[in-house]
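Asks: Provided herewith is a single structure, encoded as structure tokens, for subsequent inquiry.
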Amino acid sequence: MADDRNDAPAYPVGLRLSGRRVVVLGGGTVAQRRLPALVSAGADIVLVSPTATPSVEAMADAGELRWERRPYQDGDLADAWYALIATTDTAANAAASAEAEARRVWCVRSDDAEAATAWTPATGRSEGVTVAVLTGRDPRRSAAVRDAVVEGLRDGTLVAPRHRERTPGVALVGGGPGDPDLITVRGRRLLAEADVVIADRLGPRDLLDELPPHVEVIDAAKIPYGRFMAQEAINNALIEHARAGKAVVRLKGGDPFVFGRGMEEAEALAEAGIACTVVPGISSSISVPGAAGIPVTHRGVAHEFTVVSGHVAPEDPRSLVDWPALAKLRGTLVLLMAVERIGAIAASLVQHGRSADTPVAVIQEGTMAAQRRVDGTLATVAQVVADAEIRPPAVIVIGDVVTVGRAVQG
């Protein structure tokens, strides 16, 4: 190919490969990186290679591609629409490239981009948008630009308004344990697209300051209840704003379905005929212990963990928790909303068989700048909490993993 061709910029195009024959030569790490996108595109993939990485072999075993376990042969590119040449045999790569040129098959070569007739862009996707970046012979720069654009689209810092009408509805978004960096990228993007945000006290408050001025932010704790209970008032507010054609985000702490009453809101929206999207969040039951250096499970120490609400005491007739059964478990107990009742809970666990020397850690304001941790045992935790003046929100971890975490922290 003449030098002037090599100096010309590539012409960007999106290939629609669904159901069309794509030949991949070589089953190594290059193919391992490229194959998932081809599978997602619905291509009819034929892999030609004597060997393959375990990941590529797993794709073949799953029926995502057909694997011919042999070297390249002349004619392998017949009827192909697209070819990826990625073997370690330079002579075979050159021969396959020549066949692609003769058959007019667009061909990518991992070993010699100049000899290829196509280049693979650095590609990323976010909510139906495909970002593909080509910077000629600088793939690292392509990847860096791609990452910056995709991240901006995902977290809302790169605003790309939708010009087609959006469907009004409600997104129940789990905001994570409090640190704004721990919300999911989808949750952050939906926040950036919202018209109305109804927020809990335990949601990531710092994210609210980033919202555009036109976004109406409603503190769920300050919704006037009137003759309704608090949850009914929140449900009604969600329905009212969605029916007004607004994109509504219900921003919750942790995960919407882990003691977040998210299902109650989803059911109310379903009864009202309003579309509802649930965006899971990182639950404080695992993230806060982790942030404090405590693994809720650890090999040889705890093979299970149980998350329990402590908003009612063990002797309260409203309690649904089988405290005697929990006391007999050998794994980790994680208590949420239990600061005010930790004394009664600890006493119940000891009464039903858990050792009074069982380690306990209490983490207040987990993942936030004000995070602090105090340690004790089931016998001492009530006094420790009182002496340290621990206040909600706090997560309490009971079990030998507390000692493991302390050792790791040194």
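Asks: Given the structure, is ALA221 without any contact (Cβ under 8 Å) to a residue 60 or more places away in the chain, surrounded by fewer than 19 Cβ atoms within 10 Å (Cβ to Cβ) and out of contact with any Cys (no Cβ under 8 Å at 6 or more places or on another chain)?
Replies: yes
Asks: A follow-up question, please. Looking at this structure, is GLU232 outside the structural domain of ILE398 (by TED's automatic domain parsing), modelled with pLDDT of 95 or more and either among the acidic types (Asp, Glu) or within 30 Å of THR332 (Cβ to Cβ) (or both)?
Replies: It is false that GLU232 is outside the structural domain of ILE398 (by TED's automatic domain parsing), modelled with pLDDT of 95 or more and either among the acidic types (Asp, Glu) or within 30 Å of THR332 (Cβ to Cβ) (or both).
Asks: Still on this structure: Among the numbered criteria (1) over 30 Å from VAL362 (Cα atoms); (2) not in a helix (DSSP H, G or I), which one does ILE198 miss?
Replies: Looking at each condition in turn, ILE198 falls short on (1).
Asks: Just checking, how many residues over the stretch 45-59 are crowded, with 18+ Cβ neighbours inside 10 Å and either without any contact (Cβ under 8 Å) to a residue 24 or more places away in the chain or within 23 Å of LEU15 (Cβ to Cβ) (or both)?
Replies: Number satisfying all stated conditions: 7.
Asks: Which of the residues spanning the stretch 151-191 are among the small types (Gly, Ala, Ser), at pLDDT 70 or above and not in a helix (DSSP H, G or I)?
Replies: Within the stretch 151-191, GLY169, ALA171, GLY174, GLY175, GLY176, GLY178 meet the criteria.
Asks: Looking at the stretch 291-307, which of its residues are more than 9 Å from THR332 (Cβ to Cβ), among the small types (Gly, Ala, Ser) and surrounded by 17 or more Cβ atoms within 10 Å (Cβ to Cβ)?
Replies: ALA291, ALA292, GLY293
Asks: Moving on to the next point. Among the residues in the stretch 209-218, are any in a strand (DSSP E or B) and touching a His at 6+ places or on another chain (Cβ under 7 Å)?
Replies: Within the stretch 209-218, not a single residue is in a strand (DSSP E or B) and touching a His at 6+ places or on another chain (Cβ under 7 Å).
Asks: When the stretch 101-149 is examined, which residues are found to be modelled with pLDDT under 80, over 27 Å from the mean Cα position of the chain (by Cα) and surrounded by 15 or more Cβ atoms within 10 Å (Cβ to Cβ)?
Replies: Selection gives LEU134, THR135.
Asks: Quick check: anything in the stretch 200-214 at pLDDT 95 or above and either within 30 Å of VAL402 (Cβ to Cβ) or out of contact with any helix residue (DSSP H, G or I) (no Cβ under 9 Å at 6 or more places or on another chain) (or both)?
Replies: No, that holds for no residue.
Asks: So, one more: Within the stretch 317-363, can you find the residues that are touching a Gly at 6+ places or on another chain (Cβ under 6 Å) and of a type in the set (Val, Ile, Thr)?
Replies: The answer is THR332, ILE345, VAL360.
Asks: I'd like the residue in the stretch 76-100 that is of a type in the set (Asp, Glu) and within 18 Å of ALA43 (Cβ to Cβ) and, out of all such residues, is surrounded by the fewest Cβ atoms within 10 Å (Cβ to Cβ).
Replies: ASP79
Asks: Can you pull out the residues in the stretch 237-271 that are surrounded by fewer than 16 Cβ atoms within 10 Å (Cβ to Cβ) and either touching a residue at least 60 places away in the same chain (Cβ under 8 Å) or farther than 30 Å from ILE286 by Cβ (or both)?
Replies: Result: GLU240, ARG243, ALA244, GLY245, GLU271.
Asks: Of all residues in the stretch 380-404 being touching a helix residue (DSSP H, G or I) at 6+ places or on another chain (Cβ under 7 Å) and either modelled with pLDDT of 95 or more or under 12 Å from ALA292 (Cα atoms) (or both), which is surrounded by the most Cβ atoms within 10 Å (Cβ to Cβ)?
Replies: VAL395
Asks: From ALA346, ALA361, ALA325, grab the single residue that is in contact with a strand residue (DSSP E or B) (Cβ under 6 Å, 6 or more places away or on another chain), small (Gly, Ala, Ser) and outside any loop (DSSP other than H, G, I, E, B).
Replies: Going through ALA346, ALA361, ALA325 in turn, the sole match is ALA361.
Asks: Take the stretch 219-229 and flag every residue that is under 21 Å from GLY176 (Cα atoms) and assigned to a loop (DSSP other than H, G, I, E, B).
Replies: Result: no residue meets the conditions.
Here is a yes/no grid of residues against (1) in contact (Cβ under 8 Å) with a residue 40 or more places away in the chain; (2) in a strand (DSSP E or B):
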{"site": "ALA94", "(1), (2)": "no, no"}
{"site": "SER97", "(1), (2)": "no, no"}
{"site": "ALA100", "(1), (2)": "no, no"}
{"site": "ASP111", "(1), (2)": "no, no"}
{"site": "THR117", "(1), (2)": "no, no"}
{"site": "THR123", "(1), (2)": "yes, yes"}
{"site": "VAL131", "(1), (2)": "no, yes"}
{"site": "THR135", "(1), (2)": "no, no"}
{"site": "ARG141", "(1), (2)": "no, no"}
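Asks: While we're looking at this one, here's another question. From the list ALA369, ALA407, ALA338, which one is of a type in the set (A, V, I, L, M, F, W, C) and at pLDDT 95 or above?
Replies: ALA338
The values are calculated or read from the model by the stated rules, or taken from the named source; none is laboratory data. If you're wondering where the values come from, they're calculated on a predicted model, not measured in any experiment. Counting neighbours? That spans all protein chains shown, and the Cβs are built from the backbone with ideal geometry, glycine included.
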